[in-house]
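Notes follow the structure.
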Amino acid sequence: MSYAGPEFDPPRRPRRRPLTVALAALVPGALLGWVAYEAFGGSDGGGGTDRAAAATPSPAVSSPATSGTSGDDEKPSPGPTDGTPSASAASGPLKGKVVVIDPGHNPANFQHTAEINRKVDIGTGMKECDTTGTTTNSGYPEADFTLDVAHRMRTLLEEQGATVRLTQDGDRPYGPCIDERARIGNEARADAVVSVHADGSGTGNRGFHVILPGAVNSGSADTRPIVAPSKDLGERIAGHFVKVTGSAPSNYVGDGTGLVTRKDLGGLNLSTVPKVFIECGNMRDSKDAAQLTSGAWRQKAAQGISEGIVSFLRG
Ligand code: ZN
């Protein structure tokens with residue numbers, strides 16, 4: 001929101017992309033890309049984790065887009081906020097499908113440390129309501145990145161006929177808390193939920209990774225029914241992300257697969273619908289940061305994630 005750094009191209013609005021048509025061609029390509037990258041996937045240990053990732057879900061219906069955060073005041077799409085299919089969602093291959101996008105953190109979280117530090121129950125224990133997220137070394141906040149990518153994804157998915165909801169749109173003072181973020185997807189009976197993040201790891205740690213829910217059955221958390229479909233969703237997203245962005249899977253977690261399974265994220269633990277996180281890159285690495293701060297690259301990231309979702313929803 002206060003950031004004014006490199007490249008803020010507002011997501012161009014229509015850009016009708018033949019997502020689905022392209023899909024058939026992309027899948028094999030994505031797999032090839034995947035294999036190619038796996039060959040490169042080294043791992044230099046480490047394992048920076050996005051503190052933010054630790055924070056997950058919460059509700060708060062998003063609405064028309066905020067201003068301020070990234071020149072992204074595009075399109076207040078009619079309808080999607082309340083789950084009611086909008087005119088644009090009335091047709092298309094994803095008609096009837098509900099996708100919840102969870103933009104990690106909140107641009108104003110840092111002004112509400114007491115509130116976001118409050119502990120909430122994630123089934124396996126207690127965890128902070130939310131976190132501030134990370135930034136690039138030049139100060140581009142992760143929370144701005146996540147909202148921007150979420151807006152771009154919303155446009156792409158609505159073009160496919162999906163009903164899209166955001167858990168927050170910079171339209172609330174902080175949060176939502178991770179338990180609420182999960183609840184929003186659950187109550188929307190989402191067919192797929194993706195929580196968008198960027199990591200804050202060490203210099204030299206590069207690449208993206210998708211976080212899958214591990215099997216948890218504790219307290220209010222029972223992920224057992226969503227483990228398999230979430231893995232399918234995550235693998236498809238990873239494959240398409242490689243293909244569209246050209247980014248390699250993380251070189252510091254996931255052993256080069258771009259996939260990591262975790263049981264400590266409230267946003268995953270409390271989900272009752274297929275859900276994954278994606279850490280699109282490492283904001284603290286200068287090469288990754290150059291991509292993350294590029295509007296053109298964010299468009300590719302949004303497209304890669306969206307194509308993975310489309311692939312999952314169309315089976
Ligand atoms: Zn994060």
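Quick note: the coordinates plus some simple rules give every number you see, no bench work behind them. On a predicted model such as this, the values are computed, not experimentally measured, just so you know. Note that we place each Cβ from the backbone using ideal geometry, even for glycine, and neighbour counts take in every protein chain shown.
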- Placing each pseudo-label 7 Å from Cα in the direction of the beta carbon, Asp171 and Ala228 end up separated by a distance in nanometres of 3.7 nm
- Item | Paired Rg and Dmax values of segment 131-284, which use every Cα atom, in angstrom | 15.0, 42
- Message: Run the reach check for Lys243 against lysines, Cα to Cα strictly under 16 Å, same-chain hits fewer than 8 apart removed. What comes back?
- Response: Lys300
- Task: Work out the FRET efficiency for Lys95 and Lys263 from their Cβ-Cβ distance, taking R0 = 45 Å, and round it to the nearest 0.05.
- Result: 0.80
